[in-house]
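Report on the following structure.
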Amino acid sequence: MMKRLLITGCWLLAAQWLTAQPAGVQLDTLQVQHIDFQGRSQQGVIICNTAIAKDLQEIFAELYRQKYPIERIRPISDYDNDDERSMQANNTSCYCYRPIAGSTKLSNHARGMAIDINPLYNPCVRRKKDGTLKVEPATGRPYVDRSKSFKYKITTNDLCYRLFLQHGFRWGGSWRTLKDYQHFEK
């Protein structure tokens, strides 16, 4: 009986964590069209804060019109709320209830105010105290060197970058202490 209560209690805590959101956050579910890496039209789903829903609808409509390739757009729940799994699948997503890596502070993803675009090709890169690099997703290591030429790379000349900045977002690729090339936030 005690094991059953413990397991049930742990499951309830996990369920609360996975469905949690900060107080006052209003989320919206957007259906957006996008062009996948094979050039096919796809229907994607973005869960985001209502405060940025209109911006995202406009940005993704223009990306679609311009045939900007995005491999997939699925909610993080399709990956069991595992951010690393989602990024390794090169999944573009917005809402993910989690703290900032290495911190207890909630990320802007937990508020639905940040989105990661083609994260495999645009990894988050941090230099650790010992000088080594932490790359997220781990499989994004071949795309850390931004001086190399490769497909799906977000740069300051990129349409995706320009559209997000026109809508008032900040790009993680411009940060000083770490480079989060996939990340746009308000």
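Odds and ends about this structure:
- On the beta carbon distance between Leu178 and Lys54, with R0 = 35 Å, the FRET formula returns roughly 0.75.
- Relative contact order of the chain, defined on C-alpha pairs under 8 angstrom at six or more residues apart (%): 17 percent
- Heavy-atom accessible area for Val125, with the other protein chains in place and a 1.4 Å probe, reaches approximately 20 Å².
- 0 to 90° range, to nearest 10: angle between helix 50-65 axis and the chain longest Cα axis: 40 degrees
- Theoretical ellipticity at 222 nm over the chain - DSSP helices of four or more residues, -39500 (n - 2.57) apiece, nearest 500: -8000 deg cm²/dmol
- Along segment 122-132 the Karplus relation, 6.51 cos²θ - 1.76 cosθ + 1.60 evaluated at θ = phi - 60°, assigns HN-Hα couplings of 9, x, 8, 10, 10, 8, 7, 4, 7, x, 7 Hz to successive residues, with x for each Gly and Pro.
- Whether segment 36-114 is rounded, prolate or oblate, judged on the alpha carbon gyration tensor where a/c under 1.5 counts as rounded: oblate
- Correct choice for Kirkwood radius over Cα pairs in Å that was computed from the model, options [x] 17.2; [y] 25.6; [z] 16.7: [x]
- In a DSSP loop and with at most 14 other Cβ atoms within 10 Å, the trypsin sites (Lys or Arg not before Pro) in segment 70-133 are Lys105, Lys128, Lys129.
- Principal-axis tilt of helix 2-19 within the chain, Cα atoms, nearest 10 degrees: 30 degrees
The values are calculated or read from the model by the stated rules, or taken from the named source; none is laboratory data. Keep in mind that what you see is a predicted model, and the values were worked out from it rather than measured. Note: ideal-geometry Cβ built from the backbone for every residue, glycine included; neighbour counts use all protein chains shown. Protein only, heavy atoms only, side chains kept; ligands, DNA and RNA dropped before computing areas. Shrake-Rupley method; radii C 1.70, N 1.55, O 1.52, S 1.80 Å.
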